[in-house]
Amino acid sequence: ELVPRGRVSVRFEEDDTEFLVRYQLDGVEADCESCGVHIHEGLSCEEHNLVLGHLYNTSIYGDDDASDPWAVNDSPSVFRSTSEGVASDAFVMSNGIGHEATMGRALVIHASDGTRIGCGLLHNPWTTSVFRSTDEGVASDAFVMSNGIGHEATMGRALVIHASDGTRIGCGLLHNPWTMNVMKAEIGPYPDGGSNPVVGLGNVLLSPSGTVQAVALDDGVLMFHAMMEGLEPNCVKCGVHIHEGVESCDDADVIGDHWFETLETVDRIDPWATEKSTYSTDDSGKADHRFYVYN
């Protein structure tokens with residue numbers, strides 16, 4: 001019997017349409033290639049009948065199974081697991097439902113055959129961020145939480161202290177003089193590129209240029225924005241990957257392999273080998289693309 005455990009967070013973008021789903025799970029089906037993380041209509045996980053079907057706007061997508069954004073063949077909500085039954089990644093999608101209408105819904109983990117093996121209700125994490133004070137009005141403690149919002153989107157926000165009845169009694173703006181969470185790479189040709197022409201283009205040598213920005217969000221999620229030219233024209237699944245090499249792009253041997261967290265007890269799937277870290281180009285070889293990767 002499968003007993004999934006872990007955490008799933010859902011963060012909506014500013015326009016309240018697309019949302020980022022971040023999951024860290026274990027106890028799921030091992031070596032699964034087509035398991036799923038789906039938001040359902042139900043407001044309870046107590047009984048199977050109360051979980052209901054997938055949550056999406058039927059006026060936009062239609063009400064037949066073929067139009068269900070959670071069930072289509074290329075749905076980003078499909079995940080893969082390791083041989084230990086561990087899955088950890090992130091994806092972006094839209095179902096035509098905004099933040100307010102999603103709150104309190106049942107989030108379901110599916111096995112490869114569609115069986116519902118896990119369920120939890122989406123809630124606002126701030127309702128549990130309470131503290132206790134002494135008889136002198138002093139409070140000192142720490143807590144860990146996740147609200148599905150990364151470092152960049154949190155910077156400059158108001159942090160409020162509440163009294164027990166909810167009254168707002170204190171306020172300060174969050175700031176950080178450090179900018180290490182924002183990284184940018186100036187792209188140039190790969191070393192020894194002359195010996196690696198693109199065969200599919202008749203051995204034409206490419207000379208890419210531009211920038212790729214990576215912003216470190218919460219829980220190891222990286223948000224990328226690639227703005228480049230001089231790439232392979234009309235490419236649908238070209239790749240942007242971080243490699244192990246440090247401080248040099250001059251020697252191909254130094255650049256090394258894909259860089260991601262590995263665990264001694266888990267044979268983790270290479271996140272850079274998935275379709276999430278890919279971009280598309282136009283017929284002139286230009287790309288302006290955003291995507292998320294958990295490494």
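The values are calculated or read from the model by the stated rules, or taken from the named source; none is laboratory data. Every value quoted in this text rests on a predicted model; they were computed, and no experiment measured them. Neighbour counts run over all protein chains shown; Cβ positions are idealised from the backbone, glycine included. Accessible surface areas use protein heavy atoms only, side chains included; no ligands, DNA or RNA. Shrake-Rupley method; radii C 1.70, N 1.55, O 1.52, S 1.80 Å.
When we screen E100, E46 for residues that are assigned to a loop (DSSP other than H, G, I, E, B) and not aliphatic (A, V, I, L, M), the only hit is E46. On the stretch given as the stretch 11-44, residues that are in contact with a helix residue (DSSP H, G or I) (Cβ under 7 Å, 6 or more places away or on another chain) and open to solvent by less than 50 Å² (accessible area, probe 1.4 Å) total 6. Scan the stretch 66-86 for residues that are of a type in the set (G, A, S), open to solvent by less than 50 Å² (accessible area, probe 1.4 Å) and touching a residue at least 24 places away in the same chain (Cβ under 8 Å) and jot them down. Correct list: S75, S77, S81, G85. Counting only residues that are assigned to a helix (DSSP H, G or I) and in contact with a His (Cβ under 8 Å, 6 or more places away or on another chain), the stretch 272-283 holds 3 of them. Taking the numbered list (1) within 30 Å of S34 (Cα to Cα); (2) small (G, A, S); (3) in a loop (DSSP other than H, G, I, E, B); (4) modelled with pLDDT of 65 or more in turn, G148 passes all entries but (4).
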